[in-house]
Amino acid sequence: MIRTFLRALGAIHFIAFASFGVQASGLIGSNGILPYAPFLTSVRQALGHSAFWNLPTVFWLNSSDMALAVVWILGAICALAVALGYWQRALLAVCLVLWLSLCSVGQDFLSFQWDVLLIEAGFLAIFVDDSPVRIWLFRWLIFRLMIFSGLGKLLSGDPTWRNFTALSYHYQTQPLPTPLGWYLNQLPLSAQKLSTAFTLAAEILVPLLFFAPRRVRHAGAWITIGFQVLILLSGNYTFFNLLTIALCLFLFIEPNREPRPRVHKVVSALLVGFIGTVSGLLFLELFGAGLPPGGAAILHVTARLDLVNYYGLFTVMSTERPEIIVEGSEDGDNWRAYEFRYKPGNVMRAPPVVEPYQPRLDWQMWFAALGSYQQNRWFVNFMTRLLEGQPAVLRLLEYNPFPKAPPKYVRARVFLYEFTRFGEKGWWRREDRGLYFPAVSLK
C-alpha cells in the first residue's frame, strides 16, 4: 500500500505542476500579472544575502521565462515517473525542491493550503516505510490537517459554526461551486444544520480515531474519505481532496515492527523531534497559549520551508458572495464585460466541474471580491495587463470582448450573487453593488 501511496503522490504532483504550468506565463511570467523576476530582485534588495535563505528557490540561479518553463515541465516529468513507479524517492526529492521553488516565487497565486500540504507530504514521502515511527508521522499529518481545520472553526468565534448554520451559506459562497452545490443549497435549514454538525464531527471527533485500534481506526479513515468525496463533489478544490484521501491510506497500513538499522532509528528520531516540536508550537498558537522561549524563532525559521504547517479552511464562513465583473470600453461610455473561464459571471452558465485543475486567477478573484483592490495589489497589475492586451494574461480568460485591440479604459464592478431556487431561470441571480475599481486608462 505504501507503493500505491507513492504512485498516487506522484500523480498528484503531476497534476500540481501541469495545472500551474499551463497558467504560469500569465500569472508570474515576464508579461504576467505578478512577474516573479522583479519580485526576486525586490527581495534581494530588501534582505541582502539572507534573501537566499528566506526565499528558498532554484530561481535565484535563473529567473527567466525559460527557467520557469523548465522547472514546471521537469517537475511534471519527474512526477509522472513517480506515478509510473520509477526511482520514486529520488524523484520525489526533486519534486519537493521544484515545487517549493515555485511556491516561493508564486506570490498570491501559489499561497494555498494544499500547496504547502503537498510540500509537507512530499517531504515525509522521501522517508516513508512501514516502520511504526514513519507510519505514525503520516497519521500525525492527517490528524493535524483535520483537527486544525475543525478546531479553527470553533476557536475563530464565527457564529455560523457555533449555531450550525455555516453550510446554509457555504455551497453558494465557496470559491468555485459545482452543479451539485446548487442542489445542496436548496436543502432546508434543518438539513444544513445537520450537515454542519457532521462537518465539525468529521474534523474534530473523527481524527481522534486515527490512533485507535485497527477496526476503529479504519472506521475513522472511511468516514474521512467519504467526507472528502462529498467536498469534492460539491466544490472544486483542486488536488486537495485527492491528497487528503491519499494520506488516509496510512490509516490502513499496519506497521512492521521488525528491528531497524541504527541509522534508520536516528533519522526517525530526528524526524519525530523536528515535526513534533514545530507542530506542538503550532498547537500552542492555535489555542492562544504563550510560546516557550525560542518558540517564535523556531516557527519563523521553519516557516520558510513549509515542511510543517498550520491548516484550516473556512474557519470564518462568508455569508454573502460578492463577485467582480471586469469591463472594458473604447470610449468610456459603452462597456463590455470580460468573461472568466470558471468563476461566476453569466448568470445562465452552470457552475463548472474543473477539479483537479485549479484556475488560480479565478480563485484569486474570489479573494479579491471579499476585500478592496487596494488590499490586492495584483489586481491593479491585472487591469494594466488588460489595457496592454497581454496575450499570456488574456489566455487565462474565457472571453475577450476586444479581440482586435485592447480597450482604452477598464473598470470593475461588484455584484452580489446568489444561487437561484427551484423554478427560477438560470443558476444565479445578482444585484449591482457599484464600482470595485474606477475607470482607468494607460494614460
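The values are calculated or read from the model by the stated rules, or taken from the named source; none is laboratory data. Model, not experiment: these values are computed from the prediction. When we count neighbours, we look across all protein chains shown, and the Cβ atoms used for this are built from the backbone with ideal geometry, even at glycine.
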Residues that are at pLDDT 95 or above, more than 18 Å from PHE143 (Cβ to Cβ) and assigned to a loop (DSSP other than H, G, I, E, B): does segment 216-236 have at least one? yes
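Here's the yes/no breakdown for (1) touching a His at 6+ places or on another chain (Cβ under 6 Å); (2) closer than 14 Å to PHE314 by Cα; (3) surrounded by 16 or more Cβ atoms within 10 Å (Cβ to Cβ); (4) not acidic (Asp, Glu):
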| site | (1), (2), (3), (4) |
| --- | --- |
| THR165 | no, yes, yes, yes |
| GLN186 | no, no, no, yes |
| ALA191 | no, no, no, yes |
| ILE204 | no, no, yes, yes |
| THR224 | no, no, yes, yes |
| PHE239 | no, no, yes, yes |
Listed residues PRO255, PRO207; which is outside any helix (DSSP H, G or I), in the same structural domain as ASP306 (by TED's automatic domain parsing) and either out of contact with any Lys or Arg (no Cβ under 8 Å at 6 or more places or on another chain) or at pLDDT below 95 (or both)? PRO255
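Taking segment 210-220, which residues are over 19 Å from TYR311 (Cα atoms) and in contact (Cβ under 8 Å) with a residue 12 or more places away in the chain?
Listed by number, the residues that qualify are PHE211, ARG214, ARG217, HIS218, GLY220.
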Any residue in segment 217-234 that is within 23 Å of ARG7 (Cα to Cα), out of contact with any Phe, Trp or Tyr (no Cβ under 8 Å at 6 or more places or on another chain) and among the small types (Gly, Ala, Ser)? yes
Given the residues SER279, SER268, which is the only one that is surrounded by 14 or more Cβ atoms within 10 Å (Cβ to Cβ), of a type in the set (Gly, Ala, Ser), more than 29 Å from VAL105 (Cα to Cα) and not assigned by TED's automatic domain parsing to the domain that holds CYS95? SER268
Among helices (runs of 4 or more DSSP H) entirely within segment 1-114, at least 2 residues that are within 30 Å of ASP130 (Cα to Cα), aliphatic (A, V, I, L, M) and in contact (Cβ under 8 Å) with a residue 60 or more places away in the chain occur in 2-28, 65-84, 88-105
Name, by its number, the condition in (1) part of a helix (DSSP H, G or I); (2) at positive phi that does not hold for HIS264. (2)
In segment 420-435, which residues are in contact with a Pro (Cβ under 7 Å, 6 or more places away or on another chain) and either under 30 Å from GLU388 (Cβ atoms) or part of a strand (DSSP E or B) (or both)? TRP428, ARG433
Identify, please: which residue in segment 282-298 is part of a helix (DSSP H, G or I) and without any contact (Cβ under 8 Å) to a residue 24 or more places away in the chain and is, among those, surrounded by the most Cβ atoms within 10 Å (Cβ to Cβ)? GLY295
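Let's see how each residue does on (1) modelled with pLDDT of 90 or more; (2) under 23 Å from ASN54 (Cα atoms):
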site: ALA269; (1), (2): yes, no
site: GLY273; (1), (2): yes, yes
site: LEU281; (1), (2): yes, yes
site: LEU286; (1), (2): no, no
site: LEU307; (1), (2): yes, yes
site: TYR311; (1), (2): yes, yes
site: THR315; (1), (2): yes, no
site: THR319; (1), (2): yes, no
In the set LYS153, LYS193, which member is more than 19 Å from VAL353 (Cα to Cα), free of Cβ contacts under 8 Å to residues at least 60 places away in the same chain and touching a helix residue (DSSP H, G or I) at 6+ places or on another chain (Cβ under 8 Å)? LYS193
